[in-house]
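The values are calculated or read from the model by the stated rules, or taken from the named source; none is laboratory data. Fair warning: this is a prediction, and the values are worked out from it, not measured in the lab. Because the Cβ atoms are built from the backbone with ideal geometry, glycine has one as well, and the counts that use them run over all protein chains shown.
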Amino acid sequence: MQVLKFGGTSMGDEHTWRNVLQIISGYKRPVVIVSATARTTRQLIAAAEEAVDDYDRAASIAQDIENRHRRLIKNFMANYPAGDTKSATATCEEWISSCIQNLLTHLQTISKEQELSPKLKDAVASVGEQLSSRLLVACGSVFGLPMIWVDAHNIIKTDSEFGSANPDYDRMQQSTKDVSSLIEDDHIPVMGGYYGQDADGATTTLGFEGSDYSASLLGSFLNAQSIEIWTDVSGIYTCDPRVVEEAFPIDKLSFREATEMAYFGAKVLHPATMLPAEQKGIPIVVKNIFEPEHPGTLIDKEAPSNGIAKAMTFLNEVAIITVTSPHTRKGFEFLADVFGALKEHHIPVNVVTTTEASVSVALKNEYVATSLLQKLEASGTVSQATEMGIISLIGCAFNDERLPGKKVLNILDDRQVRMISYSQPKRNLNIVIPEKDLLASVKKIHQEIFEPEN
Ligand code: ADP
Ligand code: MG
């Protein structure tokens, strides 16, 4: 049994829906997870935010979402004889009306409360997946596939951390059994990704790109043979193909390398995706709906090192915060205080360097808050540098005879390198440089390290 996940790019319009159904029809016992149609989640969140002080604008966004889905279904059904599509079309029409009604009710509540709570935001954000998953089932029936809709509320059980909820493994042990019985009865279960439900019955979401996480969670509970992430590029590339045109798909990555890539900014997989798969040893494959015969990228336990570096990612809008201790005694206490403040503020740090009496951390700008800086000032003098970027080389050998690390530093020779960290066992090289130099440096490094000389 395979879990197949189709992202927003695959759920774009009636043409890609047919690609998706065609791909699904090639599998014997698939389980399908889908994202919302392209742009929908972003629009839903915009509507929720607008509703706080302008309900009419929010409602007009809802109208736009409704129109787009109605058009998609109409265009899809137009390819089949009207007699075959009548009942599926009626199901879709009804479902769109009911989801949009539900959405408008939430928007009214937000408007009345003049405040957007994380709980309501999740309820609104999940509407896209609720729409797309059930509509795909109706289209699948016209296409001739025995699909059945599974509401993720009943399967993906989580805690109540709205916006980035964590799976509740105990409850999911039970809930995922229903999916297994559907497969045994020769159905193709189709579930919306990204959302789930907490113990009180409220809708939660798993965070940005959460559908990938839904797929790997379900795959791990069902002991799937593989988890396939279908998207619009043929695998995970050596670098973001939108920035580096010459980037190319990587054959194999380890779970660790793929996680590092996601954490350090590769916008292709949710960083938590690899964990459930790795625990059960289930391979993840990233493939392209527009080029299904391409093998894509295999993410598995072992992935041979290519001796140089596997991939490069980058992050922009980064700040460096440096805390310098007034005295050098008890360095351990100083470090504990600094990291205690970061913990208290729930701050993920990307790069760290220390000296005896100072510590520098690089983190996304959005986490730098006055309250954090005040807290850090209790430990020492705080200085800040903004408009930074991080380049990360994943699966990189620093001491190999080909010396990619050294090469990178040579390339950056005339740029201002602000921080460097390297971990030999993790084979990760992170370099913090001014943001203005980021993209040019990324391109140059890609050319030198990844592109074959010709
Ligand atoms: P989906 O809607 O299928 O989830 P995403 O937009 O989340 O698709 O991810 C696919 C996109 O990620 C690709 O179109 C590509 O432009 C972008 N991307 C960024 N970095 C990488 C990378 N290193 N490898 C592959 N794709 C990447
Ligand atoms: Mg995605």
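Points to keep in mind about this one:
- Residues of the stretch 212-242 that are touching a residue at least 24 places away in the same chain (Cβ under 8 Å), within 13 Å of ligand 1 (Cβ to nearest atom) and in a loop (DSSP other than H, G, I, E, B): D232, V233, S234, G235, I236, T238, C239, D240.
- Residue within the stretch 200-211 that is touching a helix residue (DSSP H, G or I) at 6+ places or on another chain (Cβ under 6 Å), away from ligand 2 (no atom under 16 Å from the Cβ) and in a strand (DSSP E or B) present: yes
- Test for T176: is it within 22 Å of N316 (Cβ to Cβ) and of a type in the set (S, T, N, Q): no
- Any pair with Cβ under 7 angstrom, 6 or more apart, that starts in the stretch 243-267 at a residue that is part of a loop (DSSP other than H, G, I, E, B) and ends at one that is surrounded by fewer than 22 Cβ atoms within 10 Å (Cβ to Cβ) and among the basic types (K, R): V244/K443
- Between N19, N75, N67, the distinction of being more than 16 Å from ligand 2 (Cβ to nearest atom), in contact with a helix residue (DSSP H, G or I) (Cβ under 6 Å, 6 or more places away or on another chain) and under 19 Å from S132 (Cα atoms) belongs to N75 only.
- S214 being within 16 Å of ligand 2 (Cβ to nearest atom), within 23 Å of the chain's Cα centre (by Cα) and within 17 Å of S35 (Cα to Cα): yes
- Residue in the stretch 41-52 that is at pLDDT 95 or above, closer than 30 Å to Q114 by Cβ, out of contact with any Phe, Trp or Tyr (no Cβ under 8 Å at 6 or more places or on another chain) and outside any helix (DSSP H, G or I) present: yes
- Meets criteria (within 29 Å of S180 (Cβ to Cβ), modelled with pLDDT of 95 or more, touching a strand residue (DSSP E or B) at 6+ places or on another chain (Cβ under 9 Å) and of a type in the set (S, T, Y)) for S25: no
- Taking first residues from the stretch 363-376 that are among the polar types (S, T, N, Q) and partners that are modelled with pLDDT of 90 or more and part of a helix (DSSP H, G or I), no Cβ contact under 9 Å between residues at least 6 apart in sequence or on separate chains turns up.
- Among the conditions (1) over 15 Å from S133 (Cα atoms); (2) surrounded by fewer than 20 Cβ atoms within 10 Å (Cβ to Cβ); (3) more than 16 Å from ligand 1 (Cβ to nearest atom); (4) not basic (K, R), the only one that E50 does not satisfy is (2).
- Residue pairs whose Cβ atoms lie under 6 Å apart, sitting 6 or more positions apart in sequence or on different chains, and linking a residue in the stretch 32-49 that is in contact (Cβ under 8 Å) with a residue 24 or more places away in the chain to a partner that is of a type in the set (D, E), are A36/E129.
- Among the candidates S141, S97, S126, the residue that is among the small types (G, A, S), exposed (fewer than 15 other Cβ atoms within 10 Å of the Cβ) and within 25 Å of P189 (Cβ to Cβ) is uniquely S97.
- Matching residues in the stretch 272-294 - criterion: being without any contact (Cβ under 8 Å) to a residue 60 or more places away in the chain, in contact with a strand residue (DSSP E or B) (Cβ under 9 Å, 6 or more places away or on another chain) and over 12 Å from R256 (Cα atoms): G281, P283, V285, V286, K287, N288
- Within the stretch 17-34, the set of residues being exposed (fewer than 14 other Cβ atoms within 10 Å of the Cβ) and part of a helix (DSSP H, G or I) comprises Q22, S25.
- Residue within the stretch 319-331 that is within 19 Å of the chain's Cα centre (by Cα), of a type in the set (G, A, S) and either surrounded by 19 or more Cβ atoms within 10 Å (Cβ to Cβ) or at pLDDT 90 or above (or both) present: no
- Scope the stretch 27-49; condition closer than 17 Å to D122 by Cβ, in contact with a helix residue (DSSP H, G or I) (Cβ under 7 Å, 6 or more places away or on another chain) and not β-branched (V, I, T); matching residues: S35, A36, Q43, L44, A46, A47, A48
- Which numbered condition K287 misses (of (1) in a helix (DSSP H, G or I); (2) among the charged types (D, E, K, R); (3) farther than 26 Å from L438 by Cα): (1)
The rows are residues; the columns are (1) in contact (Cβ under 8 Å) with a residue 40 or more places away in the chain; (2) over 19 Å from L275 (Cα atoms); (3) in contact with a helix residue (DSSP H, G or I) (Cβ under 8 Å, 6 or more places away or on another chain).
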| position | (1), (2), (3) |
| --- | --- |
| G144 | yes, yes, yes |
| I155 | yes, no, yes |
| D170 | no, no, no |
| D178 | no, yes, yes |
| S181 | no, yes, no |
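- Against the test of being of a type in the set (D, E, K, R), more than 16 Å from P304 (Cα to Cα) and more than 16 Å from ligand 2 (Cβ to nearest atom), the options K252, K280, K267 yield a single qualifying residue, K280.
- Residues that are touching a Leu at 6+ places or on another chain (Cβ under 7 Å) and within 15 Å of ligand 1 (Cβ to nearest atom) within the stretch 1-16 comprise V3, D13, listed in sequence order.
Residue-wise test of (1) in contact (Cβ under 8 Å) with a residue 24 or more places away in the chain; (2) surrounded by fewer than 16 Cβ atoms within 10 Å (Cβ to Cβ).
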position: A62; (1), (2): yes, no
position: N75; (1), (2): yes, yes
position: T85; (1), (2): yes, no
position: A90; (1), (2): no, yes
position: L107; (1), (2): yes, no
position: E115; (1), (2): yes, yes
position: L120; (1), (2): yes, no
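- Looking across the stretch 217-249, just one residue is away from ligand 2 (no atom under 12 Å from the Cβ), within 16 Å of the chain's Cα centre (by Cα) and β-branched (V, I, T), and that is I227.
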